[in-house]
Amino acid sequence: MKGELTETQKKLIQWLEQNNHWFVTTKEIATFLSCTEKEAHSLGFALSLKKWFATLGHNQYLLLKSTQNQHPPPIHPLIIGSRLIDPYYFSFQTAASYHKLITPIHQPVFLVTTTIRNNTDIRDTSYRFIHVTQRKFFGFNPVTIDDTIINMADKEKTIIDSLEKFKYIGGLPEVIRILKNNIETLDLQRLVDYTVLMGSSILIQRLGYILDHFNVTFDEEFLQSYSLGVLTYFDPFNTYDMKPKRDQKWNLMINIPESLFNTEP
């Protein structure tokens with residue numbers, strides 16, 4: 001019947017189950033079945049169509065279910081994500097959750113990459129790929145999740161990524177809130193350096209304006225020297241039902257409530 005496993009497919013899956021081998025490559029399939037990698041790839045593709053495999057990156061697959069009607073073992077979503085594309089690092093809501101900058105959340109998982117891949121859903125988790133230029137691909141470190149090393153944006157890069165593409169963390173007010181709640185533990189010079197390295201004038205203007213409002217000491221002369229100073233809206237996508245006011249220092253049309261910067265408890 002359509003959708004049923006062939007004998008070869010069943011043999012492969014039972015071998016994976018017996019060895020608790022939930023991740024498998026086409027090369028491993030070819031070795032086990034004594035076939036070519038092209039044939040192994042076709043087999044993996046067929047099993048993905050039958051919803052037994054999830055297609056990962058680099059000719060890898062994840063076994064999604066068992067012939068014994070058992071639930072597959074839990075695998076941390078970030079471990080699965082680390083196998084989907086290369087190069088990559090986790091950022092935005094995912095990294096903010098890891099660093100406890102926001103309340104931990106399950107999904108979606110955000111990966112920054114210089115290559116292109118369509119978003120995908122695996123094991124009830126949505127994986128979203130945010131493409132950036134090589135210039136902006138930095139500021140991450142190896143961390144360990146369940147004995148597996150993955151690439152995670154550091155706290156400062158998480159914030160700078162989010163300040164540039166704030167829709168992936170819940171909006172500009174959320175970025176301001178994160179900065180306000182964590183300003184004493186952040187490396188301000190690193191924030192400034194990362195912003196300059198990103199090569200975005202609006203990002204420089206936003207960060208400068210925010211840090212000014214938190215009355216912290218930072219190298220504002222250095223930061224301003226890299227700004228093009230083009231007049232732009234602080235938040236180009238929302239008006240917050242208010243009349244914008246121009247900030248001369250950072251040349252921004254401020255269209256967000258001043259209450260967002262209130263540091264009082």
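The values are calculated or read from the model by the stated rules, or taken from the named source; none is laboratory data. Please read these numbers as outputs of a predicted model, since none were measured by experiment. Every residue, glycine among them, receives a Cβ derived from its backbone with ideal geometry; neighbour counts consider all protein chains shown.
Go over the candidates L191, L211, L231 one by one and state the one that is at pLDDT 95 or above, aliphatic (A, V, I, L, M) and more than 22 Å from the chain's Cα centre (by Cα). Let's see the steps before the verdict.
Details: L191 fails: more than 22 Å from the chain's Cα centre (by Cα); L231 fails: at pLDDT 95 or above.
Answer to the selection: L211.
Which residues, taken from region 127-147, are part of a strand (DSSP E or B) and either farther than 24 Å from T103 by Cβ or under 12 Å from the mean Cα position of the chain (by Cα) (or both)?
Pass one, region 127-147, residues part of a strand (DSSP E or B): 127-131, 140-145.
Within region 127-147, Y127, R128, F129, I130, H131, F140, P142 meet the criteria.
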Next item on the list: State whether one or more residues within region 245-259 are in the same structural domain as N181 (by TED's automatic domain parsing), under 15 Å from L179 (Cβ atoms) and among the aliphatic types (A, V, I, L, M).
Entry: yes
Notebook entry, point to check: When you go through K167, K180 one by one, which is the residue that is assigned to a helix (DSSP H, G or I), within 13 Å of the chain's Cα centre (by Cα) and basic (K, R)?
Noted result: K167
Next item on the list: Output the number of the condition that H41 fails; it satisfies all remaining conditions of (1) surrounded by 14 or more Cβ atoms within 10 Å (Cβ to Cβ); (2) under 30 Å from the mean Cα position of the chain (by Cα); (3) free of Cβ contacts under 8 Å to residues at least 12 places away in the same chain.
Entry: (3)
Check: I145: of a type in the set (V, I, T), surrounded by fewer than 17 Cβ atoms within 10 Å (Cβ to Cβ), within 25 Å of T115 (Cβ to Cβ) and at pLDDT 95 or above, yes or no?
Finding: yes
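Working only within region 183-200, note down all residues that are of a type outside the set (D, E) and surrounded by 16 or more Cβ atoms within 10 Å (Cβ to Cβ).
Residues of region 183-200 of a type outside the set (D, E): 183, 185-186, 188-192, 194-200.
Once the filter is applied, which keeps residues that are of a type outside the set (D, E) and surrounded by 16 or more Cβ atoms within 10 Å (Cβ to Cβ), region 183-200 yields I183, L186, L188, R190, L191, V192, Y194, T195, V196, M198, S200.
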Check: Of (1) in contact with a helix residue (DSSP H, G or I) (Cβ under 7 Å, 6 or more places away or on another chain); (2) exposed (fewer than 15 other Cβ atoms within 10 Å of the Cβ), F32 satisfies all except one. Which?
Finding: (2)
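Name the residues in region 124-143 that are of a type in the set (F, W, Y) and in contact with an Asp or Glu (Cβ under 8 Å, 6 or more places away or on another chain), would you? It would help to see each step written out before you state the result.
Just the residues of region 124-143 that are of a type in the set (F, W, Y), to begin with: 127, 129, 137-138, 140.
Once the filter is applied, which keeps residues that are of a type in the set (F, W, Y) and in contact with an Asp or Glu (Cβ under 8 Å, 6 or more places away or on another chain), region 124-143 yields Y127, F140.
For S227, indicate whether it is touching a Ser or Thr at 6+ places or on another chain (Cβ under 7 Å) and either in contact (Cβ under 8 Å) with a residue 24 or more places away in the chain or not polar (S, T, N, Q) (or both).
Values: touching a Ser or Thr at 6+ places or on another chain (Cβ under 7 Å): yes; either in contact (Cβ under 8 Å) with a residue 24 or more places away in the chain or not polar (S, T, N, Q) (or both): yes.
When the stated conditions are applied, S227 passes them.
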Item checked: Count of residues meeting criterion [out of contact with any Lys or Arg (no Cβ under 8 Å at 6 or more places or on another chain) and assigned to a loop (DSSP other than H, G, I, E, B)] in region 222-236 -> 7
